[in-house]
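Take a look at the structure below.
The values are calculated or read from the model by the stated rules, or taken from the named source; none is laboratory data. In this text, all values refer to a predicted model and were calculated from it rather than measured experimentally. As a convention, Cβ positions derive from the backbone with ideal geometry for all residues, glycine included, and neighbour counts pool all protein chains shown.
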Amino acid sequence: MFGQTIRYDFVNFDDDLYVYSAPVIKAGITIQGLALAVTAPHARNWHPLTTISHMLDCQLYGLNAGGHHGTNVLLHTIAVLLLFFVLRQMTSAVGKSAIVATLFAIHPLHVESVAWVSERKDVLSAVFFLLMLSAYVRYTRTHSITHYLVVAVLFAAGLMSKPMLVTAPFILLLVDYWPLRRFEERSSVEDDKNLSPGNEKRTITSLLLEKIPLLVLSAAAGGITFVLQKRATGAIPPLPFLWRAQNALVSYIIYIWKTVWPTRLAIFYPHPNNTLTIWQVAGAMTLLLAITLAAIVLRKQRPYLFTGWFWYVGMQVPVIGLVQVGEQGHADRYTYLPHIGLFMLAVWLVADLTAVHKSRARFAVAAAGVIIVALAWAAVIQTSHWRNSETLWTHALAVTSDNDLAHNNLGYLCIDRGELDKAISHFEAASKIRSRKLDPHYNVGS
């Protein structure tokens, strides 16, 4: 599925900043490069381990894009295996853990995180996040300071790969509730004999205090990221908070819909600005509140609803758009780790609803097989659009509307090829879509 990317090129969207136009990266592993990775931002972000991984790829493969793609595929594969291991470690449910890991492995929304060299930070941070989660499970069973230090080190490594992991302490609280069941509140589905040694009940206060060192790391990473992103986007007029809040509500529902029906996927979805209707916003808010209320009310009977739903909602908070970074309305890559919550919720719920009826269980297994095959095929097709910049942006124009960035980047590509007439056509199209932007006008004029 993703193996086809080893024959693909870099794309002209961030890959230049991250790899092929960055001298310090192209130089491979050097003392100066390692020092800069730790002490200076790269591509508007501070993620030194991601930066070093790109340096290592250049050391090994030079600017052979296939090697860089291969590293992404390898890291994604490791993340899939770790996810299965961690879920089995926490729940002892081999079959359900395997289905969740399979969905995570093949979902078309994850193509962007794997097929885009610049999204190395997604797959690398996922590996550290899942290693941290496994170490945390071990810590809850031993209460060893050494194991806690391992958790903290892996968490720090994850933050140094992608700061989106600032919400990880919150995720640990959720898994404390289910499946680790460390909260004092009892669930009707609990069976004390299944509790692991050392997993005695704890108060919410003690569980929060336990997370303080991790919260300090989150605060530090969040502060660094906020400052760097503020500098990087300083020239872009900020969107009104109302527009951002409305888009955030709708984006949560868009991600759920695209999880169920992953079609018309693109590298860039233009921000809707003030074009969302009151009905879209009200509908999204109503649906989100309804699911949230159901997860809370049913938490004792079906605790996985609570953990799964708030995993999905909480992990997206840094990138949902309340603090706008970039000009996208939403992005496929933002579902990569949050999806785990939705997949857990869905798989455990279906298993519960079909457990008492053999015919329903057989149907559920057959349906799961069909869904997995369909998702895998859709992912193969979606991955094919990442072959090069032309196929990527042409597809984006085909499945989105008013996509000035797609026109602009196709214009740059045409300039590189010496096709000036085509370049002007794309730049003019971009100018008509977003007349307030400077880049398209500048390109037409030059």
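Quick notes on this one:
- Within the stretch 1-28, the residues that satisfy the criterion of being among the hydrophobic types (A, V, I, L, M, F, W, C) and in contact with a Leu (Cβ under 6 Å, 6 or more places away or on another chain) are 11, 24.
Results for (1) crowded, with 23+ Cβ neighbours inside 10 Å; (2) among the aliphatic types (A, V, I, L, M); (3) modelled with pLDDT of 95 or more; (4) outside any helix (DSSP H, G or I), shown as yes or no for each residue.
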{"site": "80", "(1), (2), (3), (4)": "no, yes, yes, no"}
{"site": "85", "(1), (2), (3), (4)": "no, no, yes, no"}
{"site": "89", "(1), (2), (3), (4)": "no, no, yes, no"}
{"site": "97", "(1), (2), (3), (4)": "no, no, yes, no"}
{"site": "100", "(1), (2), (3), (4)": "yes, yes, yes, no"}
{"site": "105", "(1), (2), (3), (4)": "no, yes, yes, no"}
{"site": "121", "(1), (2), (3), (4)": "yes, no, yes, no"}
{"site": "124", "(1), (2), (3), (4)": "yes, yes, yes, no"}
{"site": "131", "(1), (2), (3), (4)": "no, yes, yes, no"}
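- Filtered residues of the stretch 303-332 (kept if closer than 17 Å to residue 348 by Cβ and crowded, with 22+ Cβ neighbours inside 10 Å): 303, 304, 305, 306, 307, 308, 309, 311, 312
- Answer from 316, 324 - the residue that is in contact with a Pro (Cβ under 8 Å, 6 or more places away or on another chain) and closer than 21 Å to residue 111 by Cα: 316
- Only one of the numbered conditions (1) in contact with a Pro (Cβ under 7 Å, 6 or more places away or on another chain); (2) surrounded by 15 or more Cβ atoms within 10 Å (Cβ to Cβ) is not met by residue 38, and that is (2).
- Filtered by the rule that a residue be touching a residue at least 60 places away in the same chain (Cβ under 8 Å) and farther than 30 Å from residue 103 by Cα, the stretch 34-83 gives 41, 43, 44, 46.
- Residues located in the stretch 236-270, provided they are over 25 Å from residue 382 (Cα atoms), touching a helix residue (DSSP H, G or I) at 6+ places or on another chain (Cβ under 9 Å) and without any contact (Cβ under 8 Å) to a residue 60 or more places away in the chain: 246, 249
- Flag if residue 71 is buried (at least 19 other Cβ atoms within 10 Å of the Cβ), farther than 21 Å from residue 413 by Cα, touching a strand residue (DSSP E or B) at 6+ places or on another chain (Cβ under 8 Å) and among the hydroxyl-bearing types (Ser, Thr, Tyr): no
- Residue that is farthest from residue 5 (Cα to Cα), among those in the stretch 133-148 that are among the hydroxyl-bearing types (Ser, Thr, Tyr) and in a helix (DSSP H, G or I): 142
- Flag: residue 360 does not match the condition of being outside any helix (DSSP H, G or I), of a type outside the set (Val, Ile, Thr) and in the same structural domain as residue 84 (by TED's automatic domain parsing).
- Verdict on residue 44 being surrounded by fewer than 22 Cβ atoms within 10 Å (Cβ to Cβ) and either acidic (Asp, Glu) or on the phi > 0 side of the Ramachandran plot (or both): yes
- Those residues of the stretch 8-25 which are over 26 Å from the mean Cα position of the chain (by Cα) and surrounded by fewer than 19 Cβ atoms within 10 Å (Cβ to Cβ), in sequence order: 23
- Screening residue 207 against (1) surrounded by fewer than 16 Cβ atoms within 10 Å (Cβ to Cβ); (2) more than 21 Å from residue 339 (Cα to Cα) leaves a single unmet condition, (1).
- For the stretch 149-163, the set of residues classified as in contact (Cβ under 8 Å) with a residue 40 or more places away in the chain and either in a helix (DSSP H, G or I) or not basic (Lys, Arg) (or both) consists of 151, 152, 155, 156, 157, 159, 160, 161, 163, listed by residue number.
- The stretch 107-119 - residue that is part of a helix (DSSP H, G or I) and touching a Ser or Thr at 6+ places or on another chain (Cβ under 8 Å) and, of those, farthest from residue 180 (Cα to Cα): 115
- Check on residue 168, under 14 Å from the mean Cα position of the chain (by Cα), over 29 Å from residue 387 (Cα atoms), part of a helix (DSSP H, G or I) and aliphatic (A, V, I, L, M): yes
- For residue 408, the conditions (1) over 27 Å from residue 273 (Cα atoms); (2) assigned to a helix (DSSP H, G or I) all hold with the exception of (1).
- Test set (1) under 20 Å from residue 330 (Cα atoms); (2) outside any helix (DSSP H, G or I); (3) modelled with pLDDT under 90 - residue 229 fails condition number: (2)
- The residue pairs whose first member lies in the stretch 402-419 and is farther than 16 Å from residue 331 by Cα and in contact (Cβ under 8 Å) with a residue 24 or more places away in the chain, whose second member is buried (at least 24 other Cβ atoms within 10 Å of the Cβ) and aromatic (Phe, Trp, Tyr), and whose beta carbons are closer than 6 Å, counting only pairs six or more residues apart or on different chains, are 409/393; 411/427.
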